[in-house]
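Each remark here refers to the structure printed beneath this line.
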Amino acid sequence: MKASLKACDVVIFGGGGDLAMRKLLPALYHLDMDGLLAPTTRIIGASRREVSTAEYQTKIRAALDEFVPSSVGDEKTWPRFKERLSYVSVDAQEASDFSRLNDHQVGGDNRDVVFYLATSPDLFGSICSSLAAHGLNAERMRVVLEKPLGRDLASSRAINDEVMKNFNEQQAFRIDHYLGKETVQNLLAIRFGNTLFEPLWDSAHIDNVQITVSETVGVEGRWGYYDNAGAMRDMVQNHLIQLLCLVAMEPPGRMDADSVRDEKIKVLKALRPIAGANAYTKTVRGQYAKGMIKGKEVKGYFDEEGSNPDSRTETFVALRADIDNWRWAGVPFYLRTGKRLGQRYSEIVIQYKAVPHSIFSDESNRQLQRNQLIIRLQPEEKISLTVMNKVPGVSEGMLLQPVDLNLSLTEAFNDKRSPEAYERLLLDVMRNDATLFMRYDEVEAAWKWVDGIMSAWNQTSERPKEYASGSWGPAASMALPIKDGRNWHDY
Ligand code: BG6
């Protein structure tokens, strides 16, 4: 990673919340450990609670103990990190409270400021206007907007309009943490750093693309948020669609924010709308029932705390997307994501076409397996390419078998710790590099597509299909590619 050694104030609204404790502060801690924070960079927690800086530091120490076990007993980074931490009590809805940020010298000495809005998006507008009212929206100040950016196109526009009254597009960093994952960036390296793949990256050579983000966790005490969102808004509208864009976009002229985003938006605009009856043939919704995951019995969606038995919120989505352009004509992109599935893993599978004619005519070779490029994001980071090989030996004649050429990033770079997505992204905001963040027109185009599907779902009395926890989702999801003569890639 490139260094960000320009001093900066990082103010986290929602500074005592779950995201801050689990992800943001551990990421900042790691950046500090790797020497990537300037000596005078400060980290300032802000939220409604009246908490002293000492109490805030203690809370963060406990969070690091839990989420960064390697930091326990760390005498080197912790004392320095602790010095950076302070706390200011600010009620996001109380404009006058923001003067406390001025009292705290936020942005003093011409420092850059990152305001990380890890709060409910309903507060983004009022936070931004109170910041501006206190002179905290100069060009060198940026806002990071956490998802969900609305629950549909209209609400997303309303949030954006509010933010844009006081900050300009260059100052707005809309985060999607999937874009900060190492293997996602490696996808760009694979595609655009090699001559090997790009000439074969089109409908003449690729049969279909599959993107799976499978989770074993359930709603984890977040019923209130989750039931209002569901898998489509929580995962597909952002993470899965962003992955699809990176797979499908044309090579950008340069690796900079606008060049990359200009290519992604073309993909989003070329997504064929799914509406009306198509929503039933091209999408599958599911809701998890109780079941077993890794030998443990787990609750169904309706047994979760705070649940409402009338909920029709989907915890699983599978769908077929089509991109109407020359490169991808006729190539289905199958997307699926769900909670409480059998395994936690995320991967992108590029399924190549069959060879046009097999010269290996004996019975055992009739079914030549097609080449597959698998980009695994988690749990392990790896890229593998399945190729057909001859099985060694003479007795079998010319017997072929698929073999994986594996590039394990962990093994190839075994001295390197693989950074968490938030590390890369926080560093990028500090360096004012928006390449891995979403521009507003992308968010809008993604909502437009998703809204079409959701409005078709809302016009029916059909409920999401139940699936047992620990399974791979509703049976209808398995049938989705089968209808097209294809199969999901097995984990
Ligand atoms: C978040 C969603 O954006 O991504 C969560 O709100 C989901 O519901 C999480 O669990 C998954 O992220 P990761 O990095 O653990 O795959």
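Out of all the residues in the range 77-89, which are of a type in the set (D, E, K, R) and either open to solvent by less than 20 Å² (accessible area, probe 1.4 Å) or under 19 Å from residue 55 (Cβ atoms) (or both)? Passing the criteria: 82, 83, 84. For the range 340-355, a residue qualifies if it is out of contact with any Pro (no Cβ under 9 Å at 6 or more places or on another chain) and open to solvent by less than 10 Å² (accessible area, probe 1.4 Å), and the qualifying residues are 341, 347, 348, 349, 350. Among the candidates 472, 488, 457, the residue that is closer than 28 Å to residue 287 by Cα, aromatic (Phe, Trp, Tyr) and open to solvent by 30 Å² or more (accessible area, probe 1.4 Å) is uniquely 472.
When 50, 55 are screened for being part of a helix (DSSP H, G or I) and exposed (fewer than 14 other Cβ atoms within 10 Å of the Cβ), only 55 passes.
Residue under question is residue 135, and the condition is that it be on the phi > 0 side of the Ramachandran plot and within 29 Å of the chain's Cα centre (by Cα); does it hold? Quick ask: steps written out before the conclusion?
Values: on the phi > 0 side of the Ramachandran plot: yes; within 29 Å of the chain's Cα centre (by Cα): no.
Spelling it out, it is not the case that residue 135 is on the phi > 0 side of the Ramachandran plot and within 29 Å of the chain's Cα centre (by Cα).
Within the range 431-452, the set of residues being open to solvent by 10 Å² or more (accessible area, probe 1.4 Å) and either aliphatic (A, V, I, L, M) or more than 30 Å from residue 35 (Cα to Cα) (or both) comprises 434, 436, 438, 440, 441, 444, 445, 448, 449, 451, 452. Within the range 243-269, the set of residues being open to solvent by 10 Å² or more (accessible area, probe 1.4 Å), under 21 Å from the mean Cα position of the chain (by Cα) and of a type in the set (Gly, Ala, Ser) comprises 257, 259.
Please determine, by comparing only the residues of the range 296-325 that are farther than 16 Å from residue 467 by Cβ and outside any loop (DSSP other than H, G, I, E, B), which one is most open to solvent (accessible area, probe 1.4 Å).
In the first step, residues of the range 296-325 are kept if they are farther than 16 Å from residue 467 by Cβ; the result is 296, 305-310, 320-325.
Next, only the ones that are outside any loop (DSSP other than H, G, I, E, B) stay: 296, 320-321, 323.
Numbers: 296: 139, 320: 47, 321: 0, 323: 2 Å².
Per the criteria, the residue is 296.
Contact map, the range 166-189: first residue away from the ligand (no atom under 12 Å from the Cβ), second residue of a type in the set (Gly, Ala, Ser) and open to solvent by 40 Å² or more (accessible area, probe 1.4 Å), Cβ cut-off under 7 Å, separation 6 or more or different chains; pairs are 166/129. Taking the criterion of being within 16 Å of the ligand (Cβ to nearest atom) and modelled with pLDDT under 95, the residues of the range 120-150 that qualify are 120, 121, 146, 147, 148, 149, 150. The residue that is farthest from residue 171 (Cα to Cα), among those in the range 222-272 that are hydroxyl-bearing (Ser, Thr, Tyr) and within 12 Å of the ligand (Cβ to nearest atom), is 226.
So which of 341, 335 ends up being within 16 Å of the ligand (Cβ to nearest atom) and part of a loop (DSSP other than H, G, I, E, B)?
Working: 335 fails: part of a loop (DSSP other than H, G, I, E, B).
341 is the lone residue from the list that is within 16 Å of the ligand (Cβ to nearest atom) and part of a loop (DSSP other than H, G, I, E, B).
Mind checking which residues of the range 394-427 are within 16 Å of the ligand (Cβ to nearest atom) and either open to solvent by 50 Å² or more (accessible area, probe 1.4 Å) or closer than 16 Å to residue 183 by Cα (or both)?
Start the filter on the range 394-427 by keeping residues that are within 16 Å of the ligand (Cβ to nearest atom), which leaves 418-426.
Residues satisfying the conditions are 418, 419, 420, 421, 422, 423, 424, 425.
Within the range 90-128, restricting attention to residues that are among the charged types (D, E, K, R) and either in a loop (DSSP other than H, G, I, E, B) or within 31 Å of the chain's Cα centre (by Cα) (or both), the residue that is surrounded by the fewest Cβ atoms within 10 Å (Cβ to Cβ) is 94. Among the residues of the range 159-168, just one is in a helix (DSSP H, G or I), open to solvent by less than 50 Å² (accessible area, probe 1.4 Å) and more than 14 Å from residue 444 (Cα to Cα), namely 163.
Residues are listed down the side, and each one gets a yes or a no for (1) touching a strand residue (DSSP E or B) at 6+ places or on another chain (Cβ under 8 Å); (2) outside any loop (DSSP other than H, G, I, E, B); (3) free of Cβ contacts under 8 Å to residues at least 40 places away in the same chain:
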{"site": "227", "(1), (2), (3)": "no, yes, no"}
{"site": "235", "(1), (2), (3)": "yes, yes, no"}
{"site": "245", "(1), (2), (3)": "no, yes, no"}
{"site": "263", "(1), (2), (3)": "no, yes, yes"}
{"site": "292", "(1), (2), (3)": "yes, yes, no"}
{"site": "327", "(1), (2), (3)": "no, no, no"}
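Taken over the range 190-221, residues that are within 16 Å of the ligand (Cβ to nearest atom), in contact with a helix residue (DSSP H, G or I) (Cβ under 7 Å, 6 or more places away or on another chain) and under 17 Å from residue 319 (Cα atoms) amount to 2.
Of all residues in the range 9-33, which are open to solvent by 40 Å² or more (accessible area, probe 1.4 Å) and touching a residue at least 40 places away in the same chain (Cβ under 8 Å)?
Start the filter on the range 9-33 by keeping residues that are open to solvent by 40 Å² or more (accessible area, probe 1.4 Å), which leaves 18-19, 22-23, 33.
Scanning the range 9-33 gives 19, 22, 23, 33.
A count restricted to the range 200-221 and to residues that are open to solvent by 10 Å² or more (accessible area, probe 1.4 Å) and at pLDDT below 95 stands at 2.
Residues to consider are 359, 350; find the one that is free of Cβ contacts under 8 Å to residues at least 12 places away in the same chain and over 23 Å from residue 452 (Cα atoms).
Numbers: 350 fails: free of Cβ contacts under 8 Å to residues at least 12 places away in the same chain.
The match here is 359.
The values are calculated or read from the model by the stated rules, or taken from the named source; none is laboratory data. The structure presented is a predicted model; accordingly, all values stated were derived computationally and were not measured. All Cβ positions, even for glycine, are placed from backbone atoms using ideal geometry, and neighbour counts span all protein chains on display. Side chains are part of the model used for accessible areas, which takes the heavy atoms of the whole protein and leaves out ligands, DNA and RNA. Shrake-Rupley method; radii C 1.70, N 1.55, O 1.52, S 1.80 Å.
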